[in-house]
Structure formats: structure tokens, C-alpha cells
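The values are calculated or read from the model by the stated rules, or taken from the named source; none is laboratory data. These numbers come from a predicted model, not from an experiment. A quick note on method: Cβ atoms are made from the backbone with ideal geometry, for glycine too, and the neighbour counts reach across all protein chains shown. The accessibility values were calculated without ligands, DNA or RNA, using every heavy atom of the protein model including side chains. Shrake-Rupley method; radii C 1.70, N 1.55, O 1.52, S 1.80 Å.
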Amino acid sequence: MEQTAPVAAIEQPLIRKKPLIISGPCSAETEQQTIETCTRLAATGKVDMLRAGIWKPRTKPGLFEGIGTKGLPWLKKAKEMTGLPITVEVATAKHVEDCLAFDVDVLWIGARTTVNPFSVQEVADALRGVDIPVLIKNPINPDLELWMGGVERISKAGIKNIGLIHRGFSNYGNTEYRNAPMWHLPIEMKRRLPDMPLICDPSHIGGRRDVLQSLAQKSIDLDFDGLMIESHIDPDNAWSDAKQQVTPERLAELLDGLVWRQETTDKQEFLTALEKLRQQINHLDDEILQLISNRMAVAEKIGTYKKENNITILQPNRWSEILDRGVAKGAKLGLTEDFIHKYLDAIHLESINRQNRVMNG
């Protein structure tokens, strides 16, 4: 896959603070609900930026799709009362224009917008000549190039301060969370854009409040730069995403329970021990790759025999045997069934490709 050159991010206090904590209601419903939620969040002393959904893209028509522009004065009032900056999701040029008119400090592009290059470009065009930080959520489908494309479009519009939000991905068959975390994808974005802030949205990943803390801690342990967590004064009666919101006071308890770890230390004893263990990992990786290469060479020999005897590449019974054997062996070695399936799926696909080249090359 072709790699895109990293987009430089210039330090900006509003989105470069670490940890950066953003919170507020999923939707601004009424002025009273918006103001009270924001003032109670500010009272915790643990929130750096306030958020509220003004326009809400929903899966089906007929659901609450946001209060619209009339909610922006409520959020501006909350900003004035608390002294905290505010951030709003935008999906059209008109949204950008309205937010700028009401002194919104940071904009974010939602997952349903990031997935559509035409929509991202419309927002980018509206931002030309504007100096405002922009956060970009991952697209709803697991496509890093779309995420990178969103970053590049906003960057080319002249926006210097860009950050990323991981909110999980739609995944067929996913049942544990509302959106599958697929942690390897934001990790890859962090590798490509190491200087760009990356924050986690456990509310949209989890879809329910009982998993917020564990998801938040997981992201922190992966060196994310902050969190966006939805909060509401009366979560159970929220007009949208009620199950994933918490009260401001519960948010404060959740944040108090998190352990923020540093990326490294200057303790020589730790660094020396870590380097030895990393060298062990390097040697083991070398051995694993050599064994995989040996395995592929055997697969190619099998392909040759199949070609000579006019036998199909895929042997379902043999594949089932490999899976069953691998899962059983993995369990004895302390490896999860999910890992074994992913590992063997990758090995099997490469073996099929090798045999296909032998038989049809």
C-alpha cells in the first residue's frame, strides 16, 4: 500500500494539551440542559473543552437530528460562563460558517463525513483563510486512506492545527461494542503522523457507559493524547445516545480512576532491562519470519503436486483440520482463539496466493 507523507502539525495549546479532556452532551437539547451540563462539567475541574452536538447525522430519518443553529448561542453562553473553549461537529460549509459566527474554538469532522471525500472537501473549502484547529474522526468503515485523505484535504485548505479522533469502526458481526476499536488502525495513524494529537472517543466505541473506563484506560495505555467522553445531566433521558452518556460527576469519578502513564523514563535500570527484552523480541521475530518463509516454501511444493495431479488449491477439510489443531494447540500455549484465527487466516491466505502463482503463473 502506498504510504502518504505525514502532514505536519504545528503546536496549538487548545488541542496539544496532554491529556486533553473534551466532554459535553451528545446533543444540545435545550438551553437549560446545555448550560447545566457544561457548568457542572466545568465545576469538576477536570475538563479542558466543552462539546455538544448541534447537527446530528442519524442512520434513519425521523430520529432527533439535532437542534440546529439555534443551539450555538447556548454553547457560546456556556463558554462565557465557564471560560472553557467549545468544539462542534461540522459537515457542511453552512455549519462552518455558523460555528465561526458564534466563536466556536475547535471544529471536528464526524465519522459519517470523513467517509465522504466530497463532504470533507466542502468543509475544507469553507475553512480556507480561517485559523482554527480541526479534529478529524476516523471514517465509519476501517479505511486508513480515507482518514488520511481527510487530513490531507483539511491541511491543503491551510489549516495548521489538526488532530485525530478514534471512535471505532463499523464491523459486521461485531457484538461486544457499538463500534469495533480495531486498535491497530489508530496505532498505524499515529505511526504515520507521530506529531499529530490522537484522542479516543470511548463513548462511541463502547455505546454503553459500563465500558467507558476500560476503553479509556486502554487508549491511555496505547499513548493516546486525550479523551472525548459524552456527558449529560440526565443520561437516561437524553434525546440521543442515552446509554453511552454519564453525568458530569460520574465523569469526574471515571477520570480519577484512570492511570496516565508516560511514554518513557530516564531511569537507566529500566532502559537497560527494556532494551534487553526488546532484543529478545527482535531475535524471536527473526526466527518466526524465517519459519513462516520455510512454511511458504512447503506450501509451494504442495502447489506443484496439486498442479501435476489437477487438484484444487482449496481443501476445506484440511483447512478445518488446521484451524482445529491450531486453536487447541494455542489454548495450551496461552494464546487466545481470536488471535489463532487471525494468524492462521493470514497464513492461509498467503499460502493460497503462493499456490495460485505456482499453478497459474
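Two decimals is fine: what is log10 I(q)/I(0) at q = 0.06 Å⁻¹ for the chain, from a Debye sum with one equal scatterer on every Cα and no solvent?
Values returned for q = 0.06 Å⁻¹ are -0.29.
Hey, rough spin-label estimate for D256 and I288, points 7 angstrom out along Cα→Cβ, what's it come to in nanometres?
In this crude label model, D256 to I288 measures out at 4.1 nm.
Bin width 10 Å, origin at 0, all Cα-Cα pairs of the stretch 59-102: what percent of pairs per bin?
With 10 Å bins starting at 0, P(r) equals 24, 49, 23, 4.
Jot down the per residue volume, in cubic angstrom and as a whole number, of the convex hull over the alpha-carbon atoms of the stretch 8-92. Don't jump to the answer; show the numbers that get you there.
Numbers: hull volume 10.4 nm³, N = 85.
Each residue corresponds to 123 Å³ of Cα convex hull volume.
When only the heavy atoms of the protein chains count and the probe is 1.4 Å, how do S119, S214 rank by accessible area, highest first?
Details: S119 30, S214 70 Å².
These residues rank, largest area first, as S214, S119.
Hey, got a sec? Which trypsin sites (Lys or Arg not before Pro) in the stretch 31-105 land in a DSSP loop and have at most 14 other Cβ atoms within 10 Å? Before the final figure, lay out each step's value.
Details: sites: R40, K46, R51, R58, K70, K76, K77, K79, K94; in loops: K46, R58.
Loop-located and lightly packed - R58.
Rounding to the nearest 10 and keeping the result within 0 to 90°, find how far the Cα-based axis of helix 268-308 lies from the longest principal axis of the chain.
50
Dipole of the stretch 235-361, Cα-centred, from +1 at each Lys and Arg C-beta and -1 at each Asp and Glu C-beta, to the nearest 20 debye? Could you put the intermediate results ahead of the total?
Values: 17 positive and 20 negative charges, 184 e Å.
In total the dipole reaches around 880 debye.
Using Stokes-Einstein with the Kirkwood hydrodynamic radius over Cα pairs, what translational diffusion coefficient do you get for the stretch 167-224 at 25 °C and a viscosity of 0.890 mPa s, in µm²/s rounded to a whole number? Please list the in-between numbers first.
Working: Rh = 11.7 Å.
Rounded to a whole number, D works out at 210 µm²/s.
Between the helical axis of 316-332 and the dominant principal axis of the chain, each derived from Cα atoms, what acute angle in degrees is found, rounded to the nearest 10?
For 316-332 against the chain, the angle is about 70 degrees.
Might you report the magnitude of the Cβ-based charge dipole of the chain about its Cα centre, with Lys and Arg at +1 and Asp and Glu at -1, to the nearest 20 debye? Walk me through the intermediate numbers first.
On the way: 45 positive and 49 negative charges, 147 e Å.
My answer is approximately 700 debye.
Taking the dipole about the Cα centre of the stretch 102-201, with the C-beta of Lys and Arg at +1 and of Asp and Glu at -1, give me whichever of A124, I187, N161 is farthest to the positive side.
Result: I187.
Please identify the trypsin sites (Lys or Arg not before Pro) of the stretch 264-322 that satisfy two criteria: DSSP loop assignment and at most 14 other Cβ atoms within 10 Å. Which are they? Mind showing how you got there, number by number?
Details: sites: K267, K276, R278, R295, K301, K306, K307, R318; in loops: K267.
Here the trypsin sites (Lys or Arg not before Pro) that fit, given the DSSP loop and packing criteria, are K267.
Calculate the length of the line joining the C-alpha centroid of the stretch 128-147 to that of the stretch 245-319, in whole Å.
If we compute the Cα centre of each part, the gap is 28 Å.
How large is the Kirkwood hydrodynamic radius of the stretch 249-361, in angstrom, based on all distinct alpha carbon pairs?
Values: mean 1/r = 0.0550 Å⁻¹.
Result for the stretch 249-361, one decimal place: 18.2 Å.
How large is Rg/Rh for the stretch 211-270, to two decimals, with Cα atoms and a Kirkwood Rh?
Values: Rg = 15.1 Å, Rh = 13.2 Å.
Rg/Rh: 1.14.
If you count the DSSP beta bridges with both ends in the chain, what percent of them are antiparallel, to the nearest 5? Show your work: numbers first, answer last.
On the way: 1 of 27 bridges.
Just about 5 percent of them are antiparallel.
Please give the helix 31-44 orientation as an angle from the longest Cα principal axis of the chain, in degrees from 0 to 90, rounded to the nearest 10.
70
For q values of 0.14, 0.21 Å⁻¹, compute log₁₀ I(q)/I(0) with the Debye formula on a Cα-only model of the stretch 138-281, without solvent.
Here log10 of I(q) over I(0) equals -0.79, -1.27.
Among 329-337, 142-150, how do they line up by average Cβ neighbours within 10 Å per residue, starting with the highest?
Working: 329-337: 11.0, 142-150: 18.8.
Most protected by this proxy first, the peptides run 142-150, 329-337.
How big is D, in µm² s⁻¹, for the stretch 196-239 by Stokes-Einstein at 37 °C and 0.692 mPa s if Rh is the Kirkwood radius over C-alpha pairs? Please report the intermediate quantities before stating the final value.
Working: Rh = 11.1 Å.
For these conditions, the coefficient is 296 µm²/s.
Under a 1.4 angstrom probe, counting protein chains only, how are Y172, Y343, Y177, Y305 ranked by accessible area, largest first? Don't skip to the end; give the middle numbers.
Details: Y172 225, Y343 90, Y177 45, Y305 150 Å².
Ranking Y172, Y343, Y177, Y305 by accessible area, largest first, yields Y172, Y305, Y343, Y177.
How do the peptides 102-109, 132-139 rank, highest first, by the average count of neighbouring beta carbon atoms within 10 Å per residue?
With the highest mean Cβ count within 10 Å placed first, the list reads 132-139, 102-109.
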